[in-house]
Each structure stands twice: as C-alpha cells, then as structure tokens.
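Heads up, the thing below is written out as structure tokens.
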Amino acid sequence: MTMRRKWAVIPGLFALAAAAVVLSAYSGASSPEGRSPKQPIAFPHPAHVKTLGMNCLYCHFSANKSPDPGLPAVGTCMGCHLVVGPQRPAMNGRPARTSEGIATLQAYWNKKQPIPWVRIHKVPDYVQFPHMRHVNAGVTCQTCHGQVQDMPQVRQAASLNMGWCIRCHIGESNPGLKARYDCSTCHY
Amino acid sequence: MTQRTEGTGAAAAGATRREFLKILGATGAATAAIGCGSDRVERLIPYLNHPDQTVPGVSDYYATVCRECATGCGVIAETRDGRAIKLEGNPEHPINRGALCARGQSALQGLYNPDRYRGPMMRGSGGLQPITWDQAVATLVRRLGEAGSAGRAGQAVFINGPDAGSFGLFLDEWLAGYGMPPHLSYDALADSSVLEANRQAYGVAWPGLRFSDARLIVSFGADFLDGWGAAVPQQLDFADARAKVEGAPRVIYIGPRRSLTGLNADEWIACRPGSELAIANALAATAGTSLEQAAQASGVPAETLGRLAAELAATRPSLVLSGVTTANATEVALAVAAINRAAGNVGVTIRPDEALVAYDGLSPAADVAAAIGRMNAGQVPVLMVRNANPAFTLPRSAGFTEALAKVPFKVSFSSYPDATTELCDLVLPDHHPLESWGDSQATAAVIGLQQPAMDPVFATRATADVLIAVARGNPSSASRYPAGDYRSWLVSRFPGGASALATALQKGVATGSVARRAVPARAAAATAAPAPIETQQGDFFLVVYPSAVLGDGSGANKPWLQELPDPVSKIAWQTWVEVHPSTARERLRVEAGDLVTIEGPGGRRITAPVYPYMGIRPDTVAVMFGRGQRSARGDADPVAIRGYPEGTVLEGYGRFARNVGVNPLDVMPATFDPRSGAFAWTSVKVRVTKAAGHQALVTTEGSARQHDRGIGRALVMTPAGLREASGTAHADEIAPTGSPGTEHSRPGTAGASGREAAGERGQGGQGGQGEGAAAGGEHEFPGDASHDFLPGLRAPVAQDAQGSLPSDDNAKGMYSPKHWSGMANRRWAMTIDLARCTGCSACVTACYAENNIATVGAPYQTKRAAVPATPGGNILRGREMNWIRLERYFEGGDEEGAEFDPAFDTRFVPMLCQHCGNAPCEPVCPVYATYHSPDGLNVQVYNRCVGTRYCSNNCPYKVRYFNWFGYGEPNRPQYAWPEPLNWQLNPDVNVRGKGVMEKCTFCVQRIREAEHRAKIEARPLVPDEFTVACAQACPSRAITFGDAADANWSVNRLVTDRRAYHVFEELNTFTAVVYLKKVNHPGPAQPAATTPAAAEGRNGD
C-alpha cells in the first residue's frame, strides 16, 4: 500500500464532512450558545433589574400573554429617560458620570428612529415557541435566558437546541414542569 | 474480525481503520470550526411608540365590508402587528353569516398587490410618471375649473363601480357642485336584464330568494353558484336546502352549457342558446307557445319539456330563476316571473320584502356605451373612472379605447394599472377598501360598515378624501366640506351619529338605513333589437360567461385566484375554449390543448386551446371571461418606473394578469338587450377553425372519471327511499382486511357480522361511543355506510399495518390514553358533506391564505434565460401546492364523448390529507419526518424532511406537495410573495423551504392556539370553539372539524350519519376525514347517470 493511495481518500472525507456541516447548519443544529454581540446601546440589565427592581414584564410586556415576549418601544424607555438624562449624579457610592447609553437613546428618540437591537435568542426554523405558555406554567425567564439580571451585556445562556428543550419537557429538570414532547407540540 | 485480517483488509482498501479515524477527526474539526464561524446578524426593531391595545403576536380583528363584488358581505379582517393577514366572513352579518367566497378572501392580494400604484401619476412624455399629491390635486382643481369655465361641465362623465352605500350620494353631490351630471354606477357582472324584469314584476331590483323553502328549483341559465347575484348568501341557502336530503329541492338547469350551477343540478336540459324564451313561454302557458314549438326551437325533446311542465305544475313551492344573457333576456326573465306568479312562489320562495339593495341604481352597460358615443363626438371634456374597467369589460368593438383618446382629460382613481387606467392622463390611486371608510346597505334595514383594518400600504388616498380636497381647493365650494375628510362626512350622516357608529363598528353591522342617492331615470333604450342569434351566419353559437373565480377580470391580478382551478374545467392561468368531445373529434378534428381560432363578426379573432367538455351542446362553444388583459403598449417588455422596485409591472393589470389568457370579448359585437340595456354575453355565432399549434392545458385534474374507485359517492333519492348511485363498484370488490366488507351494506346479512367487527375493533377503549351507533340500525338503509371505520376513527392511531387498534395494555407513551399528557384522548377529525358541497373552491383559497401556500404558476416564476414566461408552467409539471383541492368527477353520460348525452352526474370531492390512523406515508419515510401525533394528526416535521418524496409516492390520496423551488426566498426567480405580498403571510405558520414536503396540517396552528387560549384561561376546550380555515370559509357549510373522540363536538354526531363513508376504506388507512354521500334527486323519468346502481348488482331489492 502506498502513501498516495492512502491519502487519496482525504478529499472525499473533506467533502463528506463539509456536507455534514452544511446540513447541520441548515437544520439549525449548531448553536451559538454563549454568543454575546455588542448592542447599539449597552443596555445594563443589572442596573434596571437589580438596582431599580424592575420586573421583566415591565418592558417585555407580552411574555405572559402572547407567543411573542414583546420588545419595549423606544417610548417605553423614554417614559423614564425623558427625566433621567445622560448626566448621572453621584449615587450609591459611584461618582457622577455621563451615560453614553442614555445619550444614544435620546438621540434615537429625537431622530424618531427605533433602536436596531441585535437579536440573540432565536429558536431554529420551523419551531414555535409560545412564551405565554411557559411563563404561565411557572418557568422563569432565567430558565432559558440565564441570569440576565447579572449580565452587563446579554449573552445566549442556553443552546436552544431540541435536546435542551426536551430535557425540560420530559420533566428531567423539574418533574412538576413536564410538558408534552410530541413533535407537533412545537413543530408546525 | 482479528488483527491479522484487519491488516490485510486495510492494505487492500488503502488505509487502516486507525488512520481512517485520524483523518476523519482532523477534517471534522476543521470544518466544525468553519461552521461555527458564520453568524448572521439579525435585528430586532421595536416600535417607536407602542400602539394602544395591541399585543405583539396576538391578532386584532376589525369588522368591515367586502368590496370585491356588489353584494357587500360582512368580513372580519384579522390583523397582526398592524397588518391584515386574513379575511373571514363576519358571523354577525345577516347576508353571509360568516362565510366568504374565494374572491372575497383574495381581497388581501389586492391590498398587498406588488403592482399597485404607490402614489399619484400623471402623463408625461414617457407615459405615466409619479407626481406628488399636491401636484395631483392642483392639476385636478385646475382642469375641472377649466371645464367649468368653458361651460362644458354638464357633459363630464364619471363611471364608478357598484356601491350600495352612501358614497354614491356623496359622489353625486360632489359632481352637482361642479354642475356635472350624476355618475354612472357600472358593474360588468350585474345582470341588468334580471334587475329590470324584477323591477317590473316584483317592484324591487333583487328580491330575496329562498332556495331552502323550495321543492323544485328551475334555473334558466341563472348561475347562482357561479357569481350570478349575491353569491355567498345564495350558496348558503342552497346548501341548507340540499342538505335536507328528504325534502330537499330537485334542481333543473336549462341552458346550452352546464356551468357550476348546472353541474350541481340534478338534471340538465341542454337547450339552444336563445331558445330559453320559447321554453319559458311554453311553461308559462299563457304566452301562446306550445311545447312542440318550444321543442322545435330549443332542440330539447318535447316529452322532456312536457315532463318539466308537469313537474312544475305538481310541485309547490318552486323557485324559477332566469339568468339568461342573450339579447332577449328581459323577456325571458318576465316570462319566468309569470311562471313564478302562476305557481304562487311570490312571497314564498321569492320575497320582495327581503330585497337586497346592492343592485339598486346600477347603470346597464348600454348607458356606458351611450357615453362612448358622446366621447367619440368630442363632447366629453372630462372623464373620471373609479373601480371600473370599461376598456376591458366592454367588447373591443364597443370602441371605448378609441373613444377615450378623444377625451381631453381622463382621470382614473384605480389603484391598479388596468386597461382603462393605462390610457388616463391622471391617476389618483384610491385606498383599498381595507384601508378606507365606507358603508354598504345590505337590505333595507341592515347597514354594513366599512372601516380601515390597517394603515395604507402605499401613498394612496381615499377617492372621497381627494374629492373633498379638490372641492376645498376652490373657495366657492370649500364651505360644503367643513370637516375635510370623508369619515366626518359619514359620521355626520350616520343614523344616531358618532356614538352609534362607534358601537356599531364593533360588529360591523347596524340596523337602519343610510341616505342613498336617488336612482337616476334611465334614458329610453336607443339600441334597436339585434338580429336573433339563431338567424346569424356561423358554425357555432358562442357562449361567453364571466369566470366564477375571476369575476369581471378584477380578480386576475391576484395569484390565489389565478392559481385556483376553475371549478368546472379545473384549468388555471389560462383561457380555454369549451367544445363538446364529439365536436372536437368529428367537426374540428382537435384534441385537448390544440389551438382553435374563433372568428366573430367582422373577422375579429381569438386563439385559445380546446378543452373538450361533455357539458356543452355540440353546436355551441364557450369561453370564460376574466383573463386576457393586455398592456396598451403591446407585448414589449414593461418599462421601469422611477421609484418602483425591479420587477414591477405597471401595465396590463400587473405581473399576474398581463398576457395571461385571451379576452373573448375581443370577438364579440357590442350587443345589448334593448329592454334593459344589459350587455348580451350570448349574442353571436362564430366560425371555429383548427389553428396551428398546441398549448398544453394548465389543469390540476388527474382524471375526470372515478373508474369505480368510489371517491365521490352519491345516493339517489327514489320514491322508495335512498339508493346507492353508481361509481363505487371497485371499492366494494376490495373489502377492508378483516371486515366482512360488502356484506355490510346488504340488508339482512349485515347485522350480526357488523356488530362483531365493531366490537372487535372497539377493544381499544376509544371506540366505545362508536359501537352503539355503528351497530345500531344503520343497515336498514340500502346503500348505507358500514361504519366499520368508527372505532378506528375514534382511536388516535392504528397499532399495526393491519389496522388493529391500541389498547391500554399495548399503547406506548403518549399514544396511551392513560398517558399524563392526555393527548391520546382526542382525535381531530373532519366531515365533508358532499350533499352541501357545490365545488365552489372557497376552501382552497382559505387554505392558501391561512397556511402560506406558495402559488407557483405566475409567468415570472417559470421565466429563465432560454425559456419564455409561461403562465402556469410549473403547474404543467405538476408542481401546484394546493393542500386542499376540489376533485371533480363526472359519472355516467357518454364516457367516450362520441355522442351528446346531457344526463351525467358530477361529484365534487374536496381532497386533503386524510390524516390516516394507519398512514401509508409514515412507514416509508427514512428519517421519520412524517409520523402520527397522539391527538390524531398526520404530522410533517419540516426540520427532519430531507425530500426523498417516498411519502408522496406512497400516498393513495395524492395530497402531499413538494417544494421544488425556494418559493419563499426573495432572491429566487420563483419567489411567490414579491413585496408587499409577503405582508399577508400568517406569522403562526412557517414558510416551507426548498426540498421539503408539505401538506394539510389540519390547521395545527389553530388547534394549538385554541389549546393555548384554553390553558391560559384554565379551562378545557369548549366543543366547536374553533374550526379550521377551510371549514370557516365554506359558503356551503359542508366542512365540519372537531374532536371525534368527544361526543360533544358536532363532528362526532356527523361521523355516524347514515351517509358517512371513507375514501379508499378498503386500504385500511383509517382516515380522519369522513365524507357524507351526495344525494341526487332524479325526476320521474330518470336520466341514466342518477339511477340506482342496478347494473352493478348492488342493493337491488
């Protein structure tokens, strides 16, 4: 057996592997878990949730009544930030500062432009994820989205792959929260 | 395998196993790194300010009025995140009671039509060019002022479409402000002859018609199921009538061509065109025409007419209708009114007190033709047209196009580039009805309210608002419109004012009546009586009829309607010529798809492919009207317009209509009924010759015959009771495995074995309810269903290929009724009542709208570098995606088509995924992409599907459809939803990708939505609380959906009906779709096709 013959299979294997990758990418099986893109405004969840004690549903207002969790309108932000401007006084032991984020927000508002947030969480194609069913069943936001209240920059905390969904649906994480796991529950 | 042999083997193969794994590992890691590197950035764009009272992902509903035809049905527009995504009938509206036809549902594709004008246009050097609204209004103010100061305003012409509300009054007031005459309200589809005759006979234009109270319905060419009159209410009532089975009316259709209405009739009397008057006079008995004379004139045997006369005399109450379209149509309608009066039908089945007012005040076509005369004489200074297209809907010989050129200033308020608008100087595109305010008087006491369901898609403006702006542009007239918009004008006139309107808007209907314009007196008919059709020169009578699907052609720019096969011919995206098979073979020597040329008077010609149709007289040819829209610029490539996206076709009625089919009015003379001014659609004899070439018929039909497969079954009502009709022999020969099969349907032998079989099958625990009904007394009806399928229907899924049902012991996982999820306690199922189904195909369009089904036949979707754009090209290759289709089978008659035989029966069968409990598609899928859900759905998991198409090959019902192209990908030539058509896509349903199989899902998104709603409200599902899209739309109420395992759902009662059967029950598929047999009502002398199946030796007693 010669080396030439031995290495002749490599291009074939490369092709096979490439095909597998293309297929898996096409089916959404690869997961961007841990992805944490930079947002147009460095929105600090910890300041709003932990320091100010705001409820997730204040901004993501339809997560308990719609498949869609709701993305706050720029007007919702401005409800507070009309008053709370970019010049932040010394507070809680922090020195006075200028908030770039609030300045950017107000700039969007003054230009009457929406903020082009970068999407982080997305289930694969052909999957339906009704938020309200999960929220009303007592699944916390953190179960899927991670400890957002501790994330200065939000990252994708879970893989959102099917196996990850199923683990919960069959009651592996919490037997009290098990749910249907038939394909047509989510795939339609 | 030992170490030694492994070495030897590896040497032969070229690599050892270890080396193989090493290489695999290295390549795998490399490609995995590449794979994870790609990361598309997707943006989430929030609102600037969130609109009040809307929740993203949850629909809002607006009650409004459908404006696709004159009827004015109430509709509910479902909007999601500010966009209308679905139209359904308004259950509160008394006219259409929640149903909606295909045309009405397709209004959405008019709203989102990619070839709409995006703003006002004015004629410049290079044709129509975009201008601003300020310029447009200023231009109109100036030109109207000029016409006024020249003292010629009194000669201006305003042609408006049908409008049964306040707008007509508003418009006439506005016109009067400029010294202009009242407008012409022109509806090309309105049967002006019948309106005229009704006014004379009953005192109202359109009396209420009660099909369900009649025992005999005789239609003289009145195509009440094809769009003649108020289509949806008529169909609702007709279906209710036919569903009675015993006591249902017998239906007789008289006419040269068997239309969809004719196919729904029990008997067809195929008379010569133009001879209806003789028959009606003979039946009326008072007019001095004998039956023999009528037989002589019509070519119908005298004994048939005698039998008809006897039947009419003996049956009370009856309902006789005329919808004849010859030049003597008013006389026929008056003779028919005399028959009704003599039979005592007035006030019983014909109710002047329940009159529809939609047709009041319409101007017949002759009035528009009279305006053509004034235009030609150069008398008309300004012509305005809105919601009408006379350049297309009048025959070319009427000369509207040429006359238009002699009008110095033409204004169109059309939103679409139709034949009339293309020739205008100023285009002021109107809002779509779903974007604007209005009202519509349905009956004398019911107002339908029209409100915007969403913000305008483009920079269009409501015509009424433009007219107000024009009036306010002139100081002298500004004071008449203090409020400045039409909505305020409406509110000020509404009975009860703003608060009453706000309350009524929630339901979309109000009681009372709005002020409407005085109906202008018609000028005395100037046209002379044309030569009777039978005395003309020519080989064939030509019957031209408006398409049941496309209406007056206004539907042709909506791909749903273009793709919807004609209910009779099953042809889409094409104009065809209907010729009797014997004529085609012997006289013309052509076959299906061969081109023929029709030559009318004056040598005008059209060429179209032949469709051999047994439902037409051999001396007649028929052509549908609605297609054949052309650009005024001819066949040259459309010009690009500044500011419009690539691919926009702003001519010839847009990319979906331009150069699709031919217009039969091109060969027609402009003949009008002198008594009513109605255009005579049937008025001419023509020469038909074979032309060179062949154009394959774009048909979705596999076979017009059932070949005894028992797909569409029927019973025959005889004096002795119900009997089986022909067409099921094959199904009975192949008995279901393990069941006594045909024994069941034989009286006497059925009882014991039937009970046994049902009991045996019912072991699963789910079949309990079925047993009693299945075993109890059902076989007393000869030809009755065996109901062997009931236990299988009520269990979620078959346990094995033999159709055994699961029991508590052997059912696994969620398939066990005891499983905690409880899914297996439901079996979603459907019944389709073929006695109700008329084949109208509204369900098909509803399915397209609900499930994001791609249309594939548009010309641009087939265009390649070397291949010209072919309308329907993808359908020719069998790539249509209709999840539910209407199969149409002919039964009886002369199958070979050698001779004319009017006695044939038609079976319409809506065919969709049967959601088999024992599905042939499931075991053949190599990747488990299709499987059975515990609640009884046959599910297609798109993520898993790799496109082997084995499932489709193995499906006996042929209801699976494959995505041959990326119809959902905007950058592909096959893209089905060019912006903004994609705004209509249902966000609850995926758009399937290339290479994926798809099919009916039983609207699983609606099932899950209802489950979500119930769960959030912490309650169980309420029986019949939701339904699927096809069932919701059905104007025959033929489809019922629900849980067959729960006795409280309507479907549970219907599956035990004595008429219930499964298609291909012998295949043991245990389908979830149950059909109820059609019922035919043959007359005293039974035509062959509708007689009991004595020849097959069944049920003879």
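Is the range A:144-164 home to any residue that is touching a helix residue (DSSP H, G or I) at 6+ places or on another chain (Cβ under 8 Å), within 11 Å of another protein chain (Cβ to nearest Cβ) and among the β-branched types (Val, Ile, Thr)? Can you show your working first?
As a first pass, look at the range A:144-164 and keep what is touching a helix residue (DSSP H, G or I) at 6+ places or on another chain (Cβ under 8 Å): A:144, A:148-152, A:154, A:157-158, A:160.
Imposing the further condition that a residue be within 11 Å of another protein chain (Cβ to nearest Cβ) reduces the set to none.
The answer is no, given that none of the residues of the range A:144-164 is touching a helix residue (DSSP H, G or I) at 6+ places or on another chain (Cβ under 8 Å), within 11 Å of another protein chain (Cβ to nearest Cβ) and among the β-branched types (Val, Ile, Thr).
Can you find, within the range B:92-104, the residue that is nearest to the chain's Cα centre (by Cα) among those that are among the small types (Gly, Ala, Ser) and closer than 16 Å to residue B:509 by Cα? First the steps, then the outcome.
As a first pass, look at the range B:92-104 and keep what is among the small types (Gly, Ala, Ser): B:98-99, B:102, B:104.
Subsequent filtering for residues that are closer than 16 Å to residue B:509 by Cα retains B:98-99.
Details: B:98: 15, B:99: 12 Å.
Ranking the candidates gives B:99 first.
Name the residues in the range B:73-91 that are closer than 12 Å to residue B:440 by Cα and either over 16 Å from the mean Cα position of the chain (by Cα) or of a type in the set (D, E, K, R) (or both), would you?
Listed by number, the list holds a single entry, B:74.
Considering each residue of the range B:926-958, count those that are over 15 Å from residue B:993 (Cα atoms), of a type outside the set (Ser, Thr, Tyr) and either surrounded by 21 or more Cβ atoms within 10 Å (Cβ to Cβ) or facing another protein chain (nearest Cβ under 10 Å) (or both), and give that number. I'd like the intermediate steps shown before the answer.
Initially, the range B:926-958 is screened for residues over 15 Å from residue B:993 (Cα atoms), giving B:926-928, B:930-939, B:950-958.
Remaining after also requiring of a type outside the set (Ser, Thr, Tyr): B:926-927, B:932, B:934-939, B:951, B:953-956, B:958.
Now restrict to residues that are either surrounded by 21 or more Cβ atoms within 10 Å (Cβ to Cβ) or facing another protein chain (nearest Cβ under 10 Å) (or both): B:932, B:934-939, B:951, B:955.
The total comes to 9.
Could you pull out the residue among B:1019, B:1058 that is among the basic types (Lys, Arg) and within 14 Å of another protein chain (Cβ to nearest Cβ)?
Details: B:1058 fails: within 14 Å of another protein chain (Cβ to nearest Cβ).
B:1019 is the lone residue from the list that is among the basic types (Lys, Arg) and within 14 Å of another protein chain (Cβ to nearest Cβ).
Do we have residue A:181 as in contact with a Phe, Trp or Tyr (Cβ under 6 Å, 6 or more places away or on another chain), modelled with pLDDT of 90 or more and at the interface with another protein chain (Cβ under 10 Å from one of its Cβ atoms) here? Spell out the reasoning first.
On the way: in contact with a Phe, Trp or Tyr (Cβ under 6 Å, 6 or more places away or on another chain): no; modelled with pLDDT of 90 or more: yes; at the interface with another protein chain (Cβ under 10 Å from one of its Cβ atoms): yes.
The answer is no for residue A:181.
Looking at the range B:668-687 only, could you name the residues that are farther than 18 Å from residue B:528 by Cβ and either in contact with a Gly (Cβ under 9 Å, 6 or more places away or on another chain) or among the basic types (Lys, Arg) (or both)?
Of the residues in the range B:668-687, the ones farther than 18 Å from residue B:528 by Cβ are B:681-682, B:685-687.
B:682, B:685, B:686, B:687, listed by residue number.
Could you tell me whether any residue of the range A:26-39 is more than 9 Å from chain B (Cβ to nearest Cβ), at pLDDT 90 or above, assigned to a loop (DSSP other than H, G, I, E, B) and in contact with a strand residue (DSSP E or B) (Cβ under 8 Å, 6 or more places away or on another chain)?
Within the range A:26-39 (the criterion being more than 9 Å from chain B (Cβ to nearest Cβ), at pLDDT 90 or above, assigned to a loop (DSSP other than H, G, I, E, B) and in contact with a strand residue (DSSP E or B) (Cβ under 8 Å, 6 or more places away or on another chain)), the answer is yes, since at least one residue qualifies.
Here are some conditions: (1) more than 9 Å from chain B (Cβ to nearest Cβ); (2) modelled with pLDDT of 90 or more. Residue A:92 meets all but one. Which one does it not meet?
In the conditions (1) more than 9 Å from chain B (Cβ to nearest Cβ); (2) modelled with pLDDT of 90 or more, residue A:92 misses (2) alone.
Going by the conditions given, is residue B:922 without any contact (Cβ under 8 Å) to a residue 60 or more places away in the chain and among the acidic types (Asp, Glu)?
Values: without any contact (Cβ under 8 Å) to a residue 60 or more places away in the chain: yes; among the acidic types (Asp, Glu): yes.
For residue B:922, the condition - without any contact (Cβ under 8 Å) to a residue 60 or more places away in the chain and among the acidic types (Asp, Glu) - is met.
Give the residues of the range B:565-611 that are among the acidic types (Asp, Glu) and without any contact (Cβ under 8 Å) to a residue 40 or more places away in the chain, sorted by residue number.
B:586, B:591
Exactly one condition in (1) more than 14 Å from chain B (Cβ to nearest Cβ); (2) closer than 28 Å to residue A:47 by Cα; (3) under 21 Å from the mean Cα position of the chain (by Cα) is false for residue A:85; which is it?
If we test residue A:85 against (1) more than 14 Å from chain B (Cβ to nearest Cβ); (2) closer than 28 Å to residue A:47 by Cα; (3) under 21 Å from the mean Cα position of the chain (by Cα), just (3) comes out false.
Suppose the filter is touching a Lys or Arg at 6+ places or on another chain (Cβ under 9 Å), under 26 Å from residue B:706 (Cβ atoms) and in contact (Cβ under 8 Å) with a residue 24 or more places away in the chain; does residue B:938 pass it?
yes
Here is a yes/no grid of residues against (1) over 22 Å from the mean Cα position of the chain (by Cα); (2) more than 30 Å from residue A:185 (Cα to Cα); (3) buried (at least 24 other Cβ atoms within 10 Å of the Cβ):
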| position | (1), (2), (3) |
| --- | --- |
| B:827 | yes, no, yes |
| B:854 | no, no, yes |
| B:862 | yes, yes, no |
| B:872 | no, yes, yes |
| B:875 | no, yes, yes |
| B:884 | no, no, yes |
| B:889 | no, yes, no |
| B:897 | yes, yes, no |
| B:909 | no, yes, no |
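Of the residues B:696, B:714, only one is at pLDDT 90 or above, buried (at least 24 other Cβ atoms within 10 Å of the Cβ), farther than 25 Å from residue B:368 by Cβ and under 29 Å from the mean Cα position of the chain (by Cα); which?
Numbers: B:696 fails: buried (at least 24 other Cβ atoms within 10 Å of the Cβ).
Testing whether each residue is at pLDDT 90 or above, buried (at least 24 other Cβ atoms within 10 Å of the Cβ), farther than 25 Å from residue B:368 by Cβ and under 29 Å from the mean Cα position of the chain (by Cα) leaves just B:714.
Determine which member of the set B:246, B:303 is farther than 30 Å from residue B:1038 by Cβ, out of contact with any Asp or Glu (no Cβ under 9 Å at 6 or more places or on another chain) and either at pLDDT below 95 or not small (Gly, Ala, Ser) (or both). So that I can check it myself, show each step before the final result.
Values: B:246 fails: farther than 30 Å from residue B:1038 by Cβ.
After ruling out the rest, the residue left standing is B:303.
Results for (1) surrounded by 15 or more Cβ atoms within 10 Å (Cβ to Cβ); (2) at pLDDT 95 or above, shown as yes or no for each residue.
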| position | (1), (2) |
| --- | --- |
| B:109 | yes, yes |
| B:124 | no, no |
| B:128 | yes, no |
| B:132 | no, yes |
| B:136 | yes, yes |
| B:166 | yes, no |
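Quick one: would you say residue A:120 is facing another protein chain (nearest Cβ under 10 Å), on the phi < 0 side of the Ramachandran plot and in contact (Cβ under 8 Å) with a residue 40 or more places away in the chain? First the steps, then the outcome.
On the way: facing another protein chain (nearest Cβ under 10 Å): yes; on the phi < 0 side of the Ramachandran plot: yes; in contact (Cβ under 8 Å) with a residue 40 or more places away in the chain: yes.
For residue A:120, the condition - facing another protein chain (nearest Cβ under 10 Å), on the phi < 0 side of the Ramachandran plot and in contact (Cβ under 8 Å) with a residue 40 or more places away in the chain - is met.
Does at least one position in the range A:52-75 carry a residue that is away from chain B (no Cβ under 14 Å), more than 19 Å from residue A:118 (Cα to Cα), part of a helix (DSSP H, G or I) and modelled with pLDDT of 90 or more? Spell out the reasoning first.
Residues of the range A:52-75 away from chain B (no Cβ under 14 Å): A:52-56.
Of the ones still in play, those that are also more than 19 Å from residue A:118 (Cα to Cα) are A:52-55.
Retained after the next criterion (residues that are part of a helix (DSSP H, G or I)): none.
Scanning the range A:52-75 turns up no residue that is away from chain B (no Cβ under 14 Å), more than 19 Å from residue A:118 (Cα to Cα), part of a helix (DSSP H, G or I) and modelled with pLDDT of 90 or more.
Among the residues that make up the range B:145-156, is at least one of them under 26 Å from residue B:392 (Cβ atoms) and assigned to a loop (DSSP other than H, G, I, E, B)?
Yes; the residues of the range B:145-156 include at least one that is under 26 Å from residue B:392 (Cβ atoms) and assigned to a loop (DSSP other than H, G, I, E, B).
Step by step: first the residues of the range B:616-631, then only those that are crowded, with 24+ Cβ neighbours inside 10 Å and touching a helix residue (DSSP H, G or I) at 6+ places or on another chain (Cβ under 7 Å), then the one that is farthest from residue B:589 (Cα to Cα). Which residue is that?
If we take residues in the range B:616-631 being crowded, with 24+ Cβ neighbours inside 10 Å and touching a helix residue (DSSP H, G or I) at 6+ places or on another chain (Cβ under 7 Å), then B:629 is farthest from residue B:589 (Cα to Cα).
Condition check ((1) modelled with pLDDT of 85 or more; (2) surrounded by 24 or more Cβ atoms within 10 Å (Cβ to Cβ); (3) of a type outside the set (Asp, Glu)) across all residues:
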{"position": "B:1040", "(1), (2), (3)": "yes, yes, yes"}
{"position": "B:1077", "(1), (2), (3)": "yes, yes, yes"}
{"position": "B:1088", "(1), (2), (3)": "no, no, yes"}
{"position": "B:1093", "(1), (2), (3)": "no, no, yes"}
{"position": "B:1096", "(1), (2), (3)": "no, no, no"}
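Among strands (runs of 3 or more DSSP E) lying entirely in the range B:247-337, which contain 3 or more residues that are crowded, with 22+ Cβ neighbours inside 10 Å, in contact (Cβ under 8 Å) with a residue 24 or more places away in the chain and in contact with a helix residue (DSSP H, G or I) (Cβ under 7 Å, 6 or more places away or on another chain)?
Working: elements: B:250-254, B:267-269, B:318-322.
Here the list reads B:250-254, B:318-322.
How many residues does the range B:58-84 contain that are of a type outside the set (D, E, K, R), touching a helix residue (DSSP H, G or I) at 6+ places or on another chain (Cβ under 8 Å) and either within 14 Å of chain A (Cβ to nearest Cβ) or not in a strand (DSSP E or B) (or both)?
Keep residues of the range B:58-84 that are of a type outside the set (D, E, K, R), which gives B:58-59, B:61-66, B:69-77, B:79, B:82, B:84.
From the residues that got through so far, the ones that are touching a helix residue (DSSP H, G or I) at 6+ places or on another chain (Cβ under 8 Å) too are B:63-66, B:69, B:71, B:73, B:75, B:77, B:84.
Going one step further and asking which of them are either within 14 Å of chain A (Cβ to nearest Cβ) or not in a strand (DSSP E or B) (or both), we end up with B:66, B:69, B:71, B:73.
Counting residues in the range B:58-84 that are of a type outside the set (D, E, K, R), touching a helix residue (DSSP H, G or I) at 6+ places or on another chain (Cβ under 8 Å) and either within 14 Å of chain A (Cβ to nearest Cβ) or not in a strand (DSSP E or B) (or both) gives 4.
The values are calculated or read from the model by the stated rules, or taken from the named source; none is laboratory data. Owing to the predicted nature of the structure, the values given are computational and were not obtained by experimental measurement. Note that each Cβ is placed from the backbone with ideal geometry, even for glycine, and that neighbours are counted across all protein chains shown.
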